[in-house]
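FYI, it's all coordinate maths here, none of it is from the lab. The shown structure was predicted, so the numbers you read here are calculated from the model rather than taken from an experiment. Backbone-built Cβ (ideal geometry, glycine too); neighbour counts: all protein chains shown.
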Amino acid sequence: MSDQTMQLALRDVHTHVDGYHILQGVTFDVPRHQVTMLLGRNGVGKTSTMRTIMGLWPSSQGEIRLEGQPIHGLPTMQVARRGVSYVPENMGIFASLTVSENLRIASRSQGLGGERLDWILALFPALQTFWHWPAGNLSGGQKQMLAIARAVIEPCDLLLVDEPSKGLAPSIIEKLITAFRSLKDERTTILMVEQNMNMARQLGDHLVVMDDGRIVHEGSMADFAADPDRQSELLGLSMEAST
Amino acid sequence: MLQALRDTLPANRWIRLVLLAIVLGVIFTPWLFDGTRALDTAARLSIFVVLAASYDLLLGFTGVVSFAHALFFGIGAYAVAIAFDHFAPGFGVLLVAIVAGLGVSLLVAFIMGLVSLRVKTIFYAMITLAVASAATVLVSQLYHLTGGEDGLTYRIPKVLTPAFKLLDDKVFGVRVNGKLMNFYLVVFSSIVLFLIMVRIVASPFGRVLKALRENDFRAQAIGYNTLAYRTTATLLSAAFATLAGVLMALWLRYTGPESVLSLDIMIDVLLMVVIGGMGTLYGAIIGATVLMLAQSYLQGLMGNAQDVIGGVPILSELMAPDRWLLWLGLLFIASVYFFPQGVVGRFSGPAPKEATT
């Protein structure tokens, strides 16, 4: 693929945290208007990759390019202002603010309202119901929906989502999948860490597998899903078994 | 403004009633209570509400722990004191003193923020403690300017002194003189300052403060420059503390290290905010009231109690007026035990859960 179709490109990215060499040369691409799934066992550096892209843990070596422009070394807020939206693990919401305040604080440029808000409330009707509630009082699924809504209330060039299905009931996960489908239809570029293979297979276009701080596989999700041997080799399980 | 009040007032009806009672009680103090003691307590209470609320702006809304807050209070008070010590007391001089005080405070706050706001929590607290101690030493050393340990006694504009008679007749039994004018200047200025803080907290700026108090990184990840926000909050907080100091200097007509700069004041303010409830702003009103009333009247009350139970051996010993600090201490422990989120925090619905990511 040529660089024009790449929203985000990581080249030999290394990250050290507290003296530990966490990312040891991560190289992969996030194609534009596609959903890229970042898979791997626990503790291989998936969340660290997300944090490094956001600038929370600055990379010590290598290149991260957004739309061809280097973003490594930028402080987090600058990365955010360039159009990267982040939904951290365990829901990135502000518990003491109300649902509406959570959305309002994220809609930096034009304020809250209009078609964008209507679209988001259609995606997540529960948010309207609890509009004036402190976000801390929402259920786990509602918090996750609020976190995603907050991340996309501003039109973003790249959405980073860290394990959105974690700790959620299967019926809620189905709703999340529907919501992400809708985001996909809007041609939002998404990089998602996910352990739920069902969700990964349903949403993913592109696939990146990590192990021990390195990328061990990159390719199309469709090919990967059709290759049970590859799955058990890379992830230690097959997608069919986990659905 | 009304919208801001509606958005920020504690939801609990009883808390609202208590707040209303306190505000009305202060405003009508000259008619409700006898004596200069009551008037003095009410005026100090209004000033301390502003001081505690300004501290809450810092501690409760941004999570920054500072021990130098009394320093800004002191700067405001000394600005007025030094000005009135050197020049004929007038409102022009007062205005210059306020501007100068604000300028010094903001500069000090900015430098402190520049040096240390990047390191949150304990390191910032230590640095502020050091700066506050240094300032106390400085004030006692610069004797010619500040009066040293003795402080400064000065004249204030005549219309604010008891010698000035506005009306010859009493109004419902209260003499309308400069002292009363001074009282209302202090009380209404305090109310206005408090309302401005309410407005700030209810604004989009206040929303960002609450967000970064909860999770700095998340606020950055939405694109907010959290350092700039925290610095601005520090500056605002210092400015309000300075103005509270100005009011204190006007009311007391005396400014000394003990009355405006000491660590005791800092601890009082900290207790007011913690007892009332951090991050509520209105908690400052409750906390200041509890503490001021306890400090002004607990000793007297205990004297009365001792008279009643005079014969009982150990109990009367415990109730001796000299032991009032013991009971004040127990009051604090009890309040922290029963209201860990402060009185206002306790009655404003369930606490939001801790966030970690």
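Estimated from the Cβ-Cβ distance and a Förster radius of 56 angstrom, the FRET efficiency linking B:F91 and A:R82 is about 0.60.
In summary, the helical segments of chain A meeting the span-like criteria, namely a full DSSP H run, a Cα extent along the axis of 15 angstrom or more and a mean Kyte-Doolittle hydropathy of at least -1.0, are A:140-152, A:170-185.
Between B:K179, B:K170, B:K158, the residue with the greatest mean-square fluctuation in the GNM of chain B (Cα pairs under 10 Å linked by springs) is B:K170. Among B:R199, B:R230, sorting on how many other beta-carbon atoms sit within 10 Å of each Cβ, with the fewest leading, yields B:R199, B:R230.
Evaluated at q = 0.12, 0.14, 0.16, 0.17 Å⁻¹, the base-10 log of the normalised Debye intensity for the stretch B:28-132, with identical point scatterers placed on the Cα atoms, takes the values -0.55, -0.71, -0.85, -0.91.
Label point of B:I191 set 7 angstrom out along Cα-Cβ; within the stretch B:12-35, amide nitrogens under 19 Å from it belong to B:16-33.
So if we plug the beta-carbon distance of B:R37 and B:F205 into 1/(1 + (r/R0)^6) with R0 = 56 Å, what FRET efficiency do we get, rounded to 0.05? Efficiency, rounded to the nearest 0.05: 0.90. Here's the picture: charge each Lys and Arg Cβ at +1 and each Asp and Glu Cβ at -1 in the protein assembly as shown, and of B:G35, A:W57, A:H16 the one pushed furthest to the positive end of that dipole is B:G35. Across chain A, Cα-Cα pairs farther apart than 29 Å form 27% of the total. A DSSP coil position with no more than 14 other Cβ atoms inside 10 Å describes the following chymotrypsin sites (Phe, Trp or Tyr not before Pro) in the stretch A:67-161: A:W131.
Here, the stretch B:230-289 yields an orientationally averaged convex hull projection of 4.5 nm² when only Cα atoms define the hull. When the charge dipole of the stretch B:2-346 is built from unit charges on Cβ atoms (+1 for Lys and Arg, -1 for Asp and Glu) and taken about the Cα centre, the candidate among B:F164, B:A249, B:A53 whose Cα reaches farthest toward its positive end is B:A53.
Share of Cα-Cα pairs in the protein assembly as shown beyond 46 Å, in percent? Summing the P(r) of the protein assembly as shown above 46 Å gives 31 percent of all pairs. The charge dipole of the stretch A:43-129, taken about the Cα centre with unit charges on the Cβ atoms of Lys, Arg (+1) and Asp, Glu (-1), comes to about 180 debye, rounded to the nearest 20.
By the beta-carbon count within 10 Å of each Cβ, the least crowded to most crowded order of A:H206, A:H14, A:H33, fewest first, is A:H33, A:H14, A:H206. Ordering A:R150, A:R11 from the fewest to the most neighbouring beta carbons within 10 Å gives A:R11, A:R150. When chain A is treated as a GNM with alpha-carbon contacts under 10 Å, the residue of A:M197, A:M145, A:M77 showing the greatest mean-square fluctuation is A:M77.
Amide H contacts of A:M6: A:R32, each under 5 Å away and 5 or more positions distant or on a separate chain (H built 1.01 Å from N in the peptide plane; Pro and chain starts excluded).
The modelled label-to-label distance for the pair B:F338/B:L142, using points 7 Å beyond Cα in the direction of Cβ, is 4.5 nm.
In plain terms, the C-alpha convex hull of the stretch B:2-346 casts an average shadow of 19.8 nm² when viewed from every direction. The Cβ shell under 13 Å around B:P257 holds other residues with a net charge of -4, Lys and Arg each +1, Asp and Glu each -1. This model, with +1 at the C-beta of Lys and Arg and -1 at the C-beta of Asp and Glu, gives the protein assembly as shown a dipole about its Cα centre of some 1560 debye. Placing unit charges on each Cβ (+1 for Lys and Arg, -1 for Asp and Glu) gives the protein assembly as shown a dipole about its Cα centre, and among A:L158, A:M37, B:A97 the Cα reaching farthest toward its positive end belongs to B:A97. I need the helices of chain B that pass two filters: whole DSSP H segments spanning 27 Å or more by Cα along the axis, and mean Kyte-Doolittle score no lower than -0.5. What comes out of the filter, once short or polar helices are dropped, is B:35-62, B:91-116, B:121-141, B:178-202, B:226-252, B:283-308.
Overall, the stretch B:206-357 carries a charge dipole of about 700 debye about its Cα centre when +1 sits on the Cβ of Lys and Arg and -1 on the Cβ of Asp and Glu, all other atoms neutral. Annotation: amide H of A:Y86 within the under-5 Å range of A:L160, sequence separation 5 or more or interchain, hydrogens built in the peptide plane. Taking the centroid of alpha carbons for each part, the stretch A:152-214 and the stretch A:29-55 are 11 Å apart. Among the trypsin sites (Lys or Arg not before Pro) within the stretch A:157-243, those in coil by DSSP and having at most 15 neighbouring Cβ atoms inside 10 Å are A:R187.
Contact order, relative form, for chain A: 26 percent (alpha carbon pairs under 8 Å, 6 or more residues apart, mean separation divided by residue count). Principal semi-axes of the equivalent ellipsoid, √(5λ) from the alpha carbon gyration tensor of the stretch B:106-182, are 43, 18, 10 Å from largest down. Above 20 Å, the calculated P(r) of the stretch A:1-140 contains 57 percent of its Cα-Cα pairs.
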